[in-house]
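The values are calculated or read from the model by the stated rules, or taken from the named source; none is laboratory data. Treat the numbers as computed from the prediction; the structure is a model and nothing was measured. Every residue, glycine as well, gets a Cβ built from its backbone with ideal geometry; the counts of neighbours run over all protein chains shown.
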Amino acid sequence: MKQKVIISISLLLLLIVIFLMGKDFFSNKNKNQNNPYEYKLDNLKHIDPKLIAYNEVKQIKPDMEDPLAIDIDHNDQFYVTGKNKVIIYNSDGNQISSFNIDSTAYAICVNNKGDILLSILDHIEIRNNEGKVKAVWEAFNKNSVITSIATTEKSVFVADAGNKIVYHYNLNGELINEIGKKDTIKGIPGFIIPSPYFDLLIGIHGKLWVVNPGRHAFENYDFEGNLISSWERTSMQIEGFSGCCNPSNIAMLSDGSFVTSEKGLERVKIHLPSGDLKSVVAGPESFVEGTKGLDLAVDSKDRIYVLDPVRKLIRIFEKK
């Protein structure tokens with residue numbers, strides 16, 4: 001009899017323990033359905049006002065359907081292109097001329113002779129400022145997606161996101177060499193380009209700088225294709241770049257600092273030549289969420305021009 005009582009009490013205690021464990025499990029499960037490890041992107045959109053060193057001083061709305069790219073010449077005239085059109089403005093922001101093109105230009109570069117080089121997806125067209133075609137360079141191959149063009153007195157550099165390479169041409173469109181192909185012996189990591197954002201520029205002292213967006217890196221090459229130096233900043237915080245491929249676009253100030261724009265977290269920032277963050281031009285609150293392809297240009301006064309393709313504006317920023 002005593003043994004039956006002990007067994008009954010033991011079973012009762014076991015049932016109570018099981019009940020309490022189940023209650024605790026299900027109550028905790030329902031209490032918080034959110035993933036405690038889920039990263040809150042909204043937390044990164046706030047920028048310390050002390051970091052913002054620029055004011056937006058002017059907006060210009062180009063008379064074209066889809067503005068996509070901008071460049072500035074040595075006279076501070078700026079050129080805007082996109083779908084079926086090129087518009088030229090003087091340094092005060094007044095339109096002085098325009099001409100139509102029969103396609104969409106995704107990149108633009110004005111050389112020191114005033115020639116306008118346009119990326120028409122897979123090939124380059126060269127026009128004068130009246131729109132007359134001076135030359136058409138054939139596509140390198142069917143995979144070419146040209147996203148950026150930069151020139152010197154003797155060379156043209158073309159960023160091809162489709163083939164993940166930079167082409168170095170002479171002024172006649174003849175290929176001199178390829179730059180950035182992976183080479184472990186030379187210490188060249190190779191470009192990682194998950195989406196068609198692949199920018200380059202000729203900086204001060206005639207240096208070629210190329211963004212390696214999948215690595216959040218900047219790479220400096222000589223014209224023979226040797227990697228001279230590089231820096232990278234991978235971080236979700238304001239000091240670096242995140243996502244699949246950032247920065248999406250770059251320009252350079254007169255002191256060699258980089259102006260950068262990002263997608264995912266829509267930001268325009270200034271990074272020192274070393275790569276360290278210097279200041280912020282505009283944060284996510286300045287752009288429509290989801291904005292991509294904030295093309296950049298800098299004039300002789302270090303004013304920063306941001307082409308906003310969603311709001312279809314040229315937005316000009318000056319240092320405070």
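Return yes when L15 is in a helix (DSSP H, G or I) and modelled with pLDDT of 70 or more and no when it is not. Spelling it out, it is not the case that L15 is in a helix (DSSP H, G or I) and modelled with pLDDT of 70 or more. Cβ separations smaller than 7 Å between residues 6+ apart or across chains give the following pairs from region 79-90 residues that are within 19 Å of N112 (Cβ to Cβ) to residues that are hydroxyl-bearing (S, T, Y) and surrounded by fewer than 20 Cβ atoms within 10 Å (Cβ to Cβ): V86/S98; I88/S97; I88/S98.
Filtering S235, S257, S286, S274 for residues that are surrounded by fewer than 23 Cβ atoms within 10 Å (Cβ to Cβ) and closer than 24 Å to D92 by Cα leaves a single hit, S286.
One line per residue, one yes/no per condition, for (1) assigned by TED's automatic domain parsing to the domain that holds C245; (2) over 23 Å from the mean Cα position of the chain (by Cα); (3) modelled with pLDDT of 95 or more; (4) of a type in the set (S, T, N, Q):
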| residue | (1), (2), (3), (4) |
| --- | --- |
| K132 | yes, yes, yes, no |
| S155 | yes, yes, yes, yes |
| N163 | yes, no, yes, yes |
| Y169 | yes, yes, yes, no |
| I202 | yes, no, yes, no |
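Within region 278-314, being touching a residue at least 24 places away in the same chain (Cβ under 8 Å), over 22 Å from K50 (Cβ atoms) and assigned to a strand (DSSP E or B) holds for D295, L296, A297, V298, Y305, L307, L313, I314.
Which residues, counting only those in region 46-58, are surrounded by fewer than 13 Cβ atoms within 10 Å (Cβ to Cβ) and either at pLDDT 95 or above or outside any loop (DSSP other than H, G, I, E, B) (or both)? Result: P49, K50, N55, V57. All of (1) closer than 24 Å to N55 by Cα; (2) assigned to a strand (DSSP E or B); (3) under 11 Å from the mean Cα position of the chain (by Cα) hold for V211 with one exception: (1). Report yes if H168 is over 17 Å from H216 (Cβ atoms) and part of a helix (DSSP H, G or I), otherwise no. When the stated conditions are applied, H168 does not pass them.
May I ask you to verify whether S279 is in the same structural domain as R215 (by TED's automatic domain parsing), surrounded by 17 or more Cβ atoms within 10 Å (Cβ to Cβ), among the polar types (S, T, N, Q) and modelled with pLDDT of 95 or more? No: the conditions fail for S279. Restricting L307, L294 to those that are assigned by TED's automatic domain parsing to the domain that holds V86, modelled with pLDDT of 95 or more, closer than 17 Å to P62 by Cβ and touching a Ser or Thr at 6+ places or on another chain (Cβ under 7 Å) reduces the list to L294. Selection of region 236-276 for residues being among the polar types (S, T, N, Q) and assigned to a strand (DSSP E or B) yields N249, T260, S261. The condition of being more than 17 Å from the chain's Cα centre (by Cα), assigned by TED's automatic domain parsing to the domain that holds G162 and not aliphatic (A, V, I, L, M) holds for only one of G225, G243, that being G225.
Would it be correct to say that I188 is more than 14 Å from S119 (Cβ to Cβ), surrounded by fewer than 20 Cβ atoms within 10 Å (Cβ to Cβ), more than 14 Å from the chain's Cα centre (by Cα) and hydrophobic (A, V, I, L, M, F, W, C)? Against the criterion (more than 14 Å from S119 (Cβ to Cβ), surrounded by fewer than 20 Cβ atoms within 10 Å (Cβ to Cβ), more than 14 Å from the chain's Cα centre (by Cα) and hydrophobic (A, V, I, L, M, F, W, C)), I188 qualifies. The requirement of being in contact with a Pro (Cβ under 6 Å, 6 or more places away or on another chain), in the same structural domain as H123 (by TED's automatic domain parsing) and surrounded by 15 or more Cβ atoms within 10 Å (Cβ to Cβ) is satisfied by T147. Return a yes/no flag: does region 106-129 have any residue that is among the hydroxyl-bearing types (S, T, Y), assigned by TED's automatic domain parsing to the domain that holds Y167 and under 21 Å from L171 (Cβ atoms). Within region 106-129 (the criterion being among the hydroxyl-bearing types (S, T, Y), assigned by TED's automatic domain parsing to the domain that holds Y167 and under 21 Å from L171 (Cβ atoms)), the answer is yes, since at least one residue qualifies. Candidates are the residues of region 201-226 that are touching an Asp or Glu at 6+ places or on another chain (Cβ under 6 Å) and among the aliphatic types (A, V, I, L, M); the one that is surrounded by the fewest Cβ atoms within 10 Å (Cβ to Cβ) is A217.
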